[in-house]
Amino acid sequence: MSQLVVPTMAEMTAKGETPEVLFWVGCSGSFDDRAKKITRTMAQLLTKAKVKFAVLGTEEACTGDPAKRAGNEFLFQMQAFTNIQVLNAYNVKKVVTTCPHCFNTLKNEYPELGGNYEVMHHTELLQILLNDGRLSVAGGKFKGKKITYHDACYLGRANDVYEAPRDLIAKLDSEFVEMKRSRAKGLCCGAGGAQMWKEPEKGNKDINIERTEDALEVSPDIIATGCPYCNTMLTDGVKNKNKEGQVKVFDLAELVAQASDL
Amino acid sequence: MQYLPNVLFAVLLAVTAVLFAKQASKIRRNILLGRDLDRSDNPKLRWKTMFMVALGQSKMVKRPVAGLLHIVVYAGFVIINIEVIEILIDGLFSTHRVLLFMGAFYDFLIGSFEILAILVLVACLIFLIRRNVLKIKRFWSREMTSWPRSDANLILITEVLLMSAFLLMNASDSILQERMVEHFSKAGAFPISSFFVPLFDGMSTDSLIFMERFCWWFHIVGIFAFINYLPISKHFHIILAFPNVYYSNLEKLGRFSNIGAVTNEVKLMMDPTATPPPADGAPQTFGAKDIQDLTWKSIMDGYTCTECGRCSAVCPANQTGKLLSPRKIMMDVRDRAEEVGKNIDKHGKDFNDGKMLVNDYITAEELWACTTCNACTDACPVNNDPLAVIVELRRYLVMEKSEAPKELNNMFTNIENNGAPWQFPMSDRLNWAKEEQ
Ligand code: SF4
Ligand code: SF4
């Protein structure tokens, strides 16, 4: 595979160019090993689709989502204003991100603070790219494979994005199975609201185990997700159940990439 | 003597009205103890939402059995109360079935009321069985202590008794009509109560008149009592559900409010040359420690809560055995609002009882278990928002008390120092692009 070329906003601006879309990578996508793979895959897909994109790179900072959900509004707004300054200085119009938490914050909470952008989740952009023929998937790759999809809270319930991820799976020509609890009724993976950074409170089960059981109940080959945190939580859950041999957890971008022979 | 019943009726009616107005105005006052929040935008969508969710019960039917039974009880309750108009006129003016001039339509009305009455009665019996015999889990969790459980049972039993009285009244009335007793003119159709007629076979006319009168009084006095029971019961939702849904949050569920006061401070910090906006009044607490710091809408949520537990039944934390229960959050808000209200009545506006919503009612352990997943708000049939309360209380713990769990404080420090919740320098943010797949 050819070397991945990821232009930054600074470089593009220096050349007097403007990207079609800013790829907001997010903290997880920048630092978590599993999530970094998803980030690279997404960058490859964008490259393949000839989307002129750029990243903020070292100018990007946490959106402030975990601080806000944990009640630290000061820190959140500090982050928000810093990021908005950067984004507005580059005159960013369109943003795509692989993280539903960044997606929600940028889309819903930044406008009131002066950051107005058209924000897309990567599954929405991939859907458009496939529909427009800028990307294509070869059939057969997932033939006979059972895929189930876990709705991320901040994509589904929080923002009503239910169709784009399902449409991507439908395009893969696989066997799609819905979990008993899905869409608006989907159960959280347990990481939201800053839970990702702390031990859970005392209880009789971990939430990610409960959710993994939902998924395993439909005996899938693949559990698809659209969120780096859900991905971590469910991967851990599958390991906990000793099923990592049979069941794989993939981000939708990775599935699309596999089907388009990347 | 002749007017005694009318006078008695008029007095009872007046007492009912006055007592209810008093209780309702106290609740209104308690709700308005909360902070301002403008929810007057988009009236069209608000009416539509109210029409769908409150009147149409669109979220109730997501659990089909309970939902359909509830619609029967609710529709029955509302429609049968048309009959109360007649009862009021009859009671005040000693008429009997004053509306019967409507002829065939009257028969149709009474007939439909009877059918609804029996449906309501059966539905309430099923509800009682679900709660007390089948012991459905969500009605027996930690916050469902003896009062909330009795409250629910009391309402159901009252409904059963009221409906029985209505049917027995009609049964005895229809026999009296057959016997052409004076005053009991022929009116109404009795598709259901006719089955009860054999019960009264061979009863003397006097006993039947007593029976009919007894049921009539029982029914209406029962309703009067019920009206004044509402304000202390979860059953108050039959009134508040409408304004509560009207004023519900129309934004995307993921959007949390930005605190305006924080915006001003942060702007000042980032640009020291900016002029601070004029401070209006006392500085407000960041987040909420008590109900006065919540918005009025959150307090209204508490008073509207039906204690159905649908929120907790879908809450990931609650289902995995954590202490957090969104239903309890709502019940605590109401209980605390009631307590604060009583304090104001007794000791005046500025009385401080040394208690707070946070810690005394809702503990940090409950608050930190929330994943902010919004399953509770999505499930609530009256569009309550337990998450809004949880977030306000967390804000208080973090910003006023610096009492976040240790790991979260570390996360805050990381974001502050290096712009990520983990300890990675910002300069490494693009490393992923150079690494091997
Ligand atoms: S938002 Fe919090 S309280 Fe509500 S269902 Fe999710 S975890 Fe439970
Ligand atoms: S908050 Fe809503 S869902 Fe929860 S118990 Fe109250 S009425 Fe039911």
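Running a GNM on chain A with Cα contacts under 10 Å, which residue among A:D33, A:D251, A:D214 ends up with the highest mean-square fluctuation?
In this elastic network of chain A, the residue with the biggest mean-square fluctuation among A:D33, A:D251, A:D214 is A:D33.
Which shape class applies to chain A: rounded if a/c is under 1.5, otherwise prolate when a/b exceeds b/c and oblate if not, where a ≥ b ≥ c are the square roots of the Cα gyration tensor eigenvalues? Intermediate values should be presented prior to the final figure.
Values: a/c = 1.97, a/b = 1.20, b/c = 1.64.
Oblate.
Tell me, what is the FRET efficiency for B:K401 and B:N228 to the nearest 0.05, using R0 = 30 angstrom and their Cβ-Cβ distance as r?
On the way: r = 41 Å, r/R0 = 1.36.
It comes out at approximately 0.15.
Name the long-range amide H neighbours of A:D251: under 5 Å, sequence gap of 5 or more, or other chain; modelled H, no Pro or chain starts.
A:T225
Going by the alpha-carbon gyration tensor, a ≥ b ≥ c the square roots of its eigenvalues, is the stretch B:287-422 rounded (a/c under 1.5) or, if a/c is not under 1.5, prolate (a/b greater than b/c) versus oblate? Don't jump to the answer; show the numbers that get you there.
Values: a/c = 2.30, a/b = 1.27, b/c = 1.80.
Cα axes put the stretch B:287-422 in the oblate bin.
May I ask for the distance between the Cα centers of the stretch B:83-100 and the stretch A:217-243, given as a whole number of Å?
66 Å
For chain B, list the cysteines whose Cβ sits under 4.7 Å from no other cysteine Cβ?
Isolated Cys, chain B: B:C124, B:C215, B:C305, B:C308, B:C315, B:C370, B:C380.
State in Å² the accessible area per residue of the stretch A:137-259; use a 1.4 Å probe, count heavy atoms of protein chains only, and round to the nearest integer.
Numbers: 4560 Å² over 123 residues.
Computed with neighbouring chains in place, this is 37 Å² per residue.
Using label points projected 7 Å from each Cα along Cα→Cβ, tell me how many nm separate A:E175 and B:D350, to one decimal.
7.4 nm
Using DSSP to call loops (not H, G, I, E or B), can you name the chymotrypsin sites (Phe, Trp or Tyr not before Pro) in the stretch B:281-366 whose Cβ has at most 16 other Cβ atoms within 10 angstrom?
Counting only loop positions with at most 16 other Cβ atoms within 10 Å, the chymotrypsin sites (Phe, Trp or Tyr not before Pro) in the stretch B:281-366 are B:F351.
Rounded to the nearest 10 Å², what accessible area does A:E199 have for a 1.4 Å probe in the complete protein model?
A:E199 exposes around 130 Å² with every protein chain in place.
Putting +1 on Lys and Arg Cβ atoms and -1 on Asp and Glu Cβ atoms, find which of A:V247, A:W197, A:S182 reaches farthest to the positive end of the dipole of the stretch A:137-259.
A:V247
Find the cysteines in chain A that fail to meet the 4.7 Å Cβ criterion with every other cysteine, and list them.
So far as the 4.7 Å Cβ criterion goes, A:C27, A:C62 stand without a partner in chain A.
Which value in nm describes the separation of the simple spin-label points at B:L134 and B:L92, placed 7 Å from the Cα toward the beta carbon?
For the pair B:L134/B:L92, the computed spacing is 4.3 nm.
List the GluC sites (Glu not before Pro) in the stretch A:3-71 that DSSP assigns to loop (not H, G, I, E or B) and whose Cβ has at most 12 other Cβ atoms within 10 Å. Which are they?
Details: sites: A:E11, A:E17, A:E20, A:E59, A:E60; in loops: A:E17, A:E20, A:E60.
Here the GluC sites (Glu not before Pro) that fit, given the DSSP loop and packing criteria, are A:E17.
Checking the cross-link filter: which aspartates and glutamates have an alpha carbon closer than 18 Å to that of A:K141, excluding same-chain neighbours under 8 positions apart?
A:D167, A:D173, A:E175, A:D221, A:D251, A:E254, A:D261
Can you tally the net charge around A:R211? Count Lys and Arg as +1, Asp and Glu as -1, for every other residue whose Cβ sits under 13 Å from the Cβ of A:R211. Kindly include the intermediate steps, with their values, before the conclusion.
Values: positive: A:K180, A:R181, A:K185, A:K205, A:K241; negative: A:D151, A:D206, A:E210, A:E213, A:D214, A:E217, A:D236.
Result for the local shell: -2.
For the stretch B:287-422, calculate the relative contact order in percent as a whole number, restricting contacts to Cα pairs under 8 Å that are 6 or more residues apart.
Numbers: 155 pairs, mean separation 43.5, N = 136.
Rounded, it is 32 percent for the stretch B:287-422.
Calculate, in nm to one decimal, what B:F210 and B:A24 gain on full extension: separation in residues at 0.36 nm each, minus their alpha carbon distance. Display every interim value, and only then the final one.
Working: separation 186, 0.36 × 186 = 66.96 nm, distance 3.54 nm.
Net length gain for the segment: 63.4 nm.
Grab the Cα-Cα distance for B:V221 and B:V122, subtract it from 0.36 nm times how many residues apart they are, and report the gain in nm with one decimal.
Values: separation 99, 0.36 × 99 = 35.64 nm, distance 2.21 nm.
Here the segment from B:V221 to B:V122 would lengthen by 33.4 nm.
Hey, in the GNM for chain B with a 10 angstrom Cα cutoff, which one of B:Q292, B:Q284, B:Q423 fluctuates hardest?
In the Gaussian network model the winner is B:Q423.
About the Cα centre of the stretch A:9-128, how large is the charge dipole given +1 on each Lys and Arg Cβ and -1 on each Asp and Glu Cβ? Please answer in debye to the nearest 20. Can you show the working numbers first?
Working: 13 positive and 13 negative charges, 91 e Å.
It works out to roughly 440 debye.
Just need the relative contact order of the stretch B:339-393 here, percent rounded to a whole number, with Cα pairs under 8 Å and 6+ apart. Numbers along the way, then the final one.
Numbers: 20 pairs, mean separation 12.2, N = 55.
Dividing the mean separation by the residue count of the stretch B:339-393 yields 22 percent.
In the stretch A:114-262, carbon and sulfur make up what percent of the accessible area (probe 1.4 Å)? If you can, show how the numbers build up before the last one.
On the way: 2590 of 5700 Å².
Summing carbon and sulfur atoms, their accessible area is 45 percent of the total for the stretch A:114-262.
Would you please give the residues with an amide H less than 5 Å from that of A:F176, counting only those at least 5 places away or on a separate chain, with H modeled from the backbone geometry?
HN-HN under 5 Å from A:F176: A:I147.
Compute, for chain A, the length of the dipole vector about the Cα centre, with Cβ point charges of +1 (Lys, Arg) and -1 (Asp, Glu) only. Units Debye, rounded to 20. Display every interim value, and only then the final one.
Values: 33 positive and 34 negative charges, 98 e Å.
Around 480 debye, computed over chain A.
What are the radius of gyration and Dmax of the protein assembly as shown, computed over its Cα atoms and given in Å?
Rg and Dmax of the protein assembly as shown, Cα atoms, are 30.6, 104 Å.
Once each part is reduced to its C-alpha centroid, what is the distance from the stretch A:137-153 to the stretch A:95-112 in angstrom?
Their Cα centres are 26 Å away from one another.
Going by accessible area, probe 1.4 Å, with all protein chains left in place, what is the ranking of B:M52, B:M144, B:M399, largest first? Working shown, then result.
Values: B:M52 95, B:M144 5, B:M399 35 Å².
Ranked from most to least accessible, the order is B:M52, B:M399, B:M144.
Quick one: length gained pulling A:K52 to A:V86 fully straight, 0.36 nm per residue minus the C-alpha distance? Write out the running numbers ahead of the final one.
Working: separation 34, 0.36 × 34 = 12.24 nm, distance 1.93 nm.
Full-extension gain reported as 10.3 nm.
Quick check: pseudo-label points 7 Å beyond the Cα along Cα→Cβ at B:I239 and B:M203, how many nm apart are they?
Each label point is offset 7 Å from its Cα along the Cβ direction, giving 3.4 nm.
Using Cα positions and a limit of under 18 Å, work out the lysines in reach of A:K94, with same-chain residues fewer than 8 apart set aside.
Answer for A:K94, where 18 Å is the Cα cut-off: A:K50, A:K52, A:K107, listed by chain and number.
Using a 1.4 Å probe, how large is the accessible area of A:S260, given in Å² and rounded to the nearest 10?
Here the accessible area works out near 10 Å².
Specify the residue with the greatest mean-square fluctuation among A:V177, A:V96, A:V55, computed from a Gaussian network of chain A linking alpha-carbon atoms under 10 Å apart.
Among A:V177, A:V96, A:V55, the largest GNM mean-square fluctuation belongs to A:V177.
Under the rule a/c < 1.5 gives rounded, and otherwise a/b versus b/c splits prolate from oblate, where does chain B land using the Cα gyration tensor? Let's see the in-between values first.
Details: a/c = 2.87, a/b = 2.27, b/c = 1.26.
Verdict is prolate for chain B.
Express the accessible area of the stretch B:110-242 per residue in Å², computed with a 1.4 Å probe while the remaining protein chains stay in the model.
Numbers: 6100 Å² over 133 residues.
Result: 46 Å² of accessible area for each residue.
What is the distance in Å between the Cα centroid of the stretch A:64-79 and that of the stretch B:246-308?
14 Å
Mind listing, in residue-number order, the residues in the stretch A:64-97 that have at least 40 Å² less accessible area with every protein chain present than in their own chain alone (1.4 Å probe)?
A:K68, A:R69, A:A70, A:G71, A:N72, A:E73, A:F74, A:L75, A:Q77, A:M78, A:F81
Can you pull out the buried accessible area for chains B and A, both sides counted, probe 1.4 Å, rounded to the nearest 100 Å²?
Working: alone 23770 and 12350 Å², together 30140 Å².
Heavy-atom accessible area buried at this interface is about 6000 Å².
I need the phi-derived Karplus couplings for the stretch A:198-207: 6.51 cos²θ - 1.76 cosθ + 1.60, θ = phi - 60°, integer Hz, Gly and Pro marked x.
Here the 3J(HN,Hα) series is 9, 6, x, 5, 4, x, 10, 6, 8, 4 Hz.
Return the lysines within reach of B:K137: Cα separation strictly under 25 angstrom, same-chain partners fewer than 8 residues apart disregarded; answer none if there are no such residues.
Here the lysines satisfying the reach criterion relative to B:K137 are A:K180, A:K185, A:K202, A:K205, B:K59, B:K62, B:K234, B:K322, B:K328.
In whole Hz, with x marking every Gly and Pro, tabulate ³J(HN,Hα) for the stretch B:50-55 from phi via Karplus 6.51 cos²θ - 1.76 cosθ + 1.60, θ = phi - 60°.
4, 4, 6, 7, 7, 6
Relative contact order of chain A: what whole-number percent is it, with Cα pairs under 8 angstrom and at least 6 residues apart?
This gives 20 percent for chain A.
Give the residue list of trypsin sites (Lys or Arg not before Pro) in the stretch B:379-437 that are DSSP loop and have at most 15 other beta-carbon atoms within 10 angstrom.
Values: sites: B:R394, B:R395, B:K401, B:K406, B:R429, B:K434; in loops: B:K401, B:R429, B:K434.
Those satisfying the criteria are B:K401, B:K434.
Please list 3J(HN,Hα) in residue order for the stretch B:334-350, calculated via the Karplus relation 6.51 cos²θ - 1.76 cosθ + 1.60 where θ = phi - 60°; whole Hz, with x for glycine and proline.
Couplings: 5, 4, 5, 4, 5, 5, 4, x, 5, 4, 5, 4, 7, 10, x, 5, 9 Hz.
The values are calculated or read from the model by the stated rules, or taken from the named source; none is laboratory data. Note that this is a predicted model, so its numbers are computed, not measured. Every residue, glycine among them, receives a Cβ derived from its backbone with ideal geometry; neighbour counts consider all protein chains shown. Accessible surface is based on the protein model in full, side chains and every heavy atom, while ligands, DNA and RNA are left aside. Shrake-Rupley method; radii C 1.70, N 1.55, O 1.52, S 1.80 Å.
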